[in-house]
1. Return the long-range amide H neighbours of A:Ile386 (sequence gap of 5 or more, or a different chain), with a cut-off of under 5 Å between placed amide H atoms.
2. How would you rank A:221-234, B:90-103, A:418-431, highest first, on the average number of other Cβ atoms within 10 Å across their residues?
3. Can you give me the convex hull volume of the Cα atoms of segment A:340-477, divided per residue and expressed in Å³?
4. Can you tell me how much longer the chain between A:Phe396 and A:Ile201 gets when fully stretched, taken as 0.36 nm per residue apart minus their C-alpha distance, in nm with one decimal?
5. What's the angle, to the nearest 10 degrees (0 to 90), between helix A:152-182's Cα axis and the longest principal axis of chain A?
6. Could you check the spin-label model distance between A:Ile225 and A:Ser266? Points 7 Å from the Cα along Cα→Cβ, value in nm.
7. How long is the gain from A:Thr433 to A:Asn2 if the chain were fully straight, where each residue apart is worth 0.36 nm and the alpha carbon distance is subtracted?
8. Specify which residue in the list A:Gln319, A:Gly364, A:Leu339 is farthest towards the positive end of the charge dipole of segment A:281-439, using unit charges on the beta carbon of Lys, Arg (+1) and Asp, Glu (-1), about the Cα centre.
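No value in this document is a laboratory result; all are computed from the given coordinates. This is a predicted model, so every value here is computed, not measured. In this analysis, Cβ positions are derived from the backbone assuming ideal geometry, glycine residues included, and neighbour counts consider all displayed protein chains.
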Amino acid sequence: MNTQTTLLACLPYIVLSAGLLVVMLGVCIRRTHFVAWSLTMVTLLATLASHLPGYEALGGGTGVTMLFHVDGISYVFNVLFVLAAIFTAVIAYQYVDERFRFREEFYLLLLAATLGSLMLPSATHFVSLLLGLEIVSISLYAMVAYPEKVRGPLEAGLKYMILSGASTSAILFGMALIYAASGSMEFSQVSPVSGSAEGDIFYLIGHAFFWSGIAFKLSLVPFHIWTPDVYQGAPSIVTGFIATVSKGGVFVVVMRYVMESDVLSSEAITQAIFLIAAISMIVGNLLALQQKDLKRLLAYSSIAHMGYLVIALLLVATQPAIGFETAIVYLAGYFVMTLAAFGVITVISHRSDSEMASIDDINGLLWRRPIPAATLVVSALSLAGIPLTMGFIAKFYLFAAGIEGEMWTLVGLLVLGSAIGIFYYLRIIFAMTSKPEGQLDATQRESWTGIGAVAVLGVATLGLGIYPTPLVDLVQNLVRVSGF
Amino acid sequence: MIDGAGAIPLEHVIWFAITLFLIGVVGILIRRNVIFILLSLELMMNAAAVVFIAAGAFHDQADGQVMFMFILALAAAEVAVALGLVVQLSRRFKTLDIDAVSEMTG
């Protein structure tokens with residue numbers, strides 16, 4: 001490990017942190033929304049570009065102190081998170097401009113949350129896991145409760161803060177017990193050393209706490225209670241960020257934990273995770289059926305989606321290459337379609353007092369606002385897993401992975417859940433294509449930056465669904481380079 | 001003293017911490033005042049910190065105490081944001097009762 005390689009590997013983190021400071025100083029010197037936004041975009045684009053020199057120097061991955069291990073896998077997730085942040089910033093611009101009194105700090109929080117999420121994919125130590133997780137969470141509390149004038153965000157922010165804080169405490173307590181039992185906080189050395197009965201008990205109790213906290217962050221049943229309220233109350237664009245980057249980051253770090261330690265060699269822990277996944281798939285889909293609010297519906301659907309994704313988590317212990325490949329493809333697809341859905345809600349709420357998120361609000365949307373509505377159609381089809389969309393490729397990967405790992409029950413539930421899912425996703429589409437009532441409000445000034453970004457996401461969902469080969473090749477190459 | 005003659009065994013510290021943690025959980029569940037909920041959260045984090053310190057001493061490593069520092073910093077950051085929200089709550093609703101804002105269900 002020489003210094004230059006290490007520095008190159010860390011380049012994205014350095015660039016992003018520096019950019020964060022620049023934006024902060026910029027806000028101190030002069031408050032201009034457009035300047036703050038532009039600096040944020042420059043920072044994010046520079047971070048994206050800074051992955052290139054590092055990637056060539058990386059080889060099979062390099063350790064940065066004992067806390068991080070930067071390799072191809074962390075880079076691909078980094079790129080995914082930064083791209084999600086870029087789309088969030090682009091779509092958020094109009095929304096922030098017209099709704100918030102203090103606009104500039106929003107981007108600081110966005111950059112800080114992105115920085116935290118970049119730490120997660122390369123974390124190999126409990127300290128880096130905790131730091132990454134908390135930088136994301138604490139920035140998100142403020143982002144959720146950011147709008148001052150309306151009631152929903154404060155409620156959502158308080159609920160998110162208390163419950164997320166409790167889950168962090170559970171993760172911390174679990175880590176403490178695991179450390180007590182194993183004497184190490186590095187992922188690769190976490191295992192009960194003593195062989196004594198008491199050490200084993202504390203190891204198991206520790207994992208019970210740890211996994212409940214993680215399930216909380218991923219909103220898996222029975223720790224999902226916060227999800228619909230926070231999704232509904234938070235500004236749509238922040239909800240999109242929570243649903244993608246925050247959950248993706250937690251999922252990736254847990255995957256690395258499972259891969260490097262031998263947690264899943266414990267039958268009890270595997271069974272518990274299996275059970276949580278199975279219940280999430282069923283409960284998420286069933287509760288989504290009766291939702292009248294688009295954001296709540298997407299919240300329950302995200303519970304089911306995270307349940308599906310646990311298949312990849314269970315596979316990663318025995319077959320890391322397939323597990324990671326599946327997770328990358330699935331998360332990439334999930335990111336694109338989820339951001340598209342929340343982006344559409346943000347865009348169509350432009351110039352209206354409240355967010356247009358109920359099923360009634362989107363009635364006949366296709367006739368009033370064709371581009372956002374068409375994107376939402378594509379996104380809903382993709383979330384349902386209809387062929388020729390990215391969602392189908394993603395689900396197909398999970399299906400194949402489940403068969404590879406011989407998890408027949410979970411694969412069965414995945415199919416069943418997708419079948420139920422089609423019903424409520426189609427309800428969105430039916431609502432949008434129904435005959436419009438009343439006048440067309442064509443006088444509304446559109447948020448063209450937002451519509452552009454949303455349309456790109458929609459096209460990406462379709463494009464990657466029709467021709468996924470480049471993405472799949474890239475991912476396979478990366479996984480091979482990372483040396484599994 | 002965790003190690004050596006007459007020391008407190010690690011298990012006792014852990015059971016103590018588990019009790020502390022559960023008191024925190026119960027506090028979050030039954031208290032309706034936001035300030036008390038935050039106190040309960042703090043209690044849960046500090047329960048973890050106690051175990052880290054004890055386990056670090058047990059294994060003869062500094063890691064446990066390093067982790068304690070991180071927990072302190074983290075709890076401070078969390079409380080800073082949380083109190084901001086509490087100020088918002090008391091300004092807008094003239095109460096610290098968490099149920100006052102709760103209207104989303106389903």
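1. A:Phe392
2. On the way: A:221-234: 23.5, B:90-103: 13.6, A:418-431: 18.2.
So the peptides A:221-234, B:90-103, A:418-431, ranked by packing, come out A:221-234, A:418-431, B:90-103.
3. Numbers: hull volume 16.1 nm³, N = 138.
Roughly 117 Å³ of hull volume per residue.
4. Details: separation 195, 0.36 × 195 = 70.20 nm, distance 3.87 nm.
Fully extending the segment from A:Phe396 to A:Ile201 adds 66.3 nm.
5. Its long axis makes an angle of about 10 degrees.
6. 2.5
7. Working: separation 431, 0.36 × 431 = 155.16 nm, distance 5.94 nm.
Working it through step by step, the gained length comes to 149.2 nm.
8. Towards the positive end, the residue furthest out is A:Gly364.
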